Structures are given as C-alpha cells and as structure tokens.
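Single-structure report; data block below.
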Amino acid sequence: MKRIFVIDWILIVVFIVSVISGFSLHIVGHGNNHELWHNWAVFHVFGSVLFLYVIIFHVTTHWGWYKGIIKNGIGRKSKVTAVLSIIFLLLSVTGIALLGVNGINSPLGLWHYKIGIITTVIAVGHIIKRLPALHKSLNTKNSSSHDLLNPQE
C-alpha cells in the first residue's frame, strides 16, 4: 500500500478517536463528575494531538495541492477541501489555546466545540468523497510493501 494511503487510513482512525472523545467530553461537561470530565479531557487531548500529528503528514503528502492554490489561486480545486483546511486550522488554534484554560464551561471551549461540529461534518463529507480511492487502496493485488518504502513510484 502506498504511503499516502497508509497515512489516510491512520487519519480516519485518529479522526474517529478525536471526534468521539470531543463529543463525550462535551456531554460529561454537563454533569457534575469532575473526575470523569478530566479523564475524557486527557483522552481527547491525547487523541487530538495524535490527530494533529497525522494531519501534518497528510498535508505534507498533498503539499503540491496547497502550493498550486498559492501560485494559481483556487481555480478548479476543491473549495470544500480549502474550507476544511482553514476551519481545521481554527479548530487546532482554539484547541491549543484551551490547554491554558482551567476547568469546564469556558467560552473558548464552547467555540472550540462548535467549530469541531462544523469541522466534523465537512471532514465526513471529505472522507466519503474519497472512499472509492481508499477502498481501492486495500486491493492487495495492486499494492505491496514496496510501495510504502518507495512512495515516489
């Protein structure tokens, strides 16, 4: 399997972890069990940092796409992907800023949650559009470990 698809499959898994832990964190924030909230917060931070790490690899594999936008404008490139990139950047900035906030129910946390909902919806559409290519990447007859070691081919 090519390196780009390995990254994409890992990205889907850590995306699911980040989304589930984020929504769970929001839900337990309405209760009064601080220990449960803290546990979900730690899990969400861990999953989201891992997600951000994999996103960096994902973006670098598609760096030519971003350079094309900078050089030639958006043109026929996917506007949804461009919006997803921008809104994910905003989600990441608010998430990192939340690391300096103590406790629950902060206004910044609520913004992060709302941006997270929007990001999740757009990202699910982004993933669904690419499912045929991802499914095709699982065809072991056309892929090998050689592809992972030599991504330029």
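Observations
- Residues of segment 58-114 classified as in contact (Cβ under 8 Å) with a residue 12 or more places away in the chain, polar (S, T, N, Q) and part of a loop (DSSP other than H, G, I, E, B), total: 1
- Single residue of segment 1-36 satisfying the filter (among the small types (Gly, Ala, Ser) and assigned to a helix (DSSP H, G or I)) that is farthest from Ser92 (Cα to Cα): Ser24
- Look at (1) surrounded by fewer than 17 Cβ atoms within 10 Å (Cβ to Cβ); (2) closer than 17 Å to Phe15 by Cα and you find that Gly103 fails only one, number (2).
- Filtered residues of segment 106-121 (kept if open to solvent by less than 40 Å² (accessible area, probe 1.4 Å) and aliphatic (A, V, I, L, M)): Ile115
- For His26, the stated conditions do not hold, so it cannot be described as open to solvent by less than 40 Å² (accessible area, probe 1.4 Å) and within 19 Å of Thr120 (Cα to Cα).
The values are calculated or read from the model by the stated rules, or taken from the named source; none is laboratory data. Because the structure is predicted, anything quoted here is derived from the model rather than measured. Virtual Cβ from ideal backbone geometry, glycine too; neighbours counted across all protein chains shown. For accessibility, only protein heavy atoms count, side chains too; no ligands or nucleic acids. Shrake-Rupley method; radii C 1.70, N 1.55, O 1.52, S 1.80 Å.
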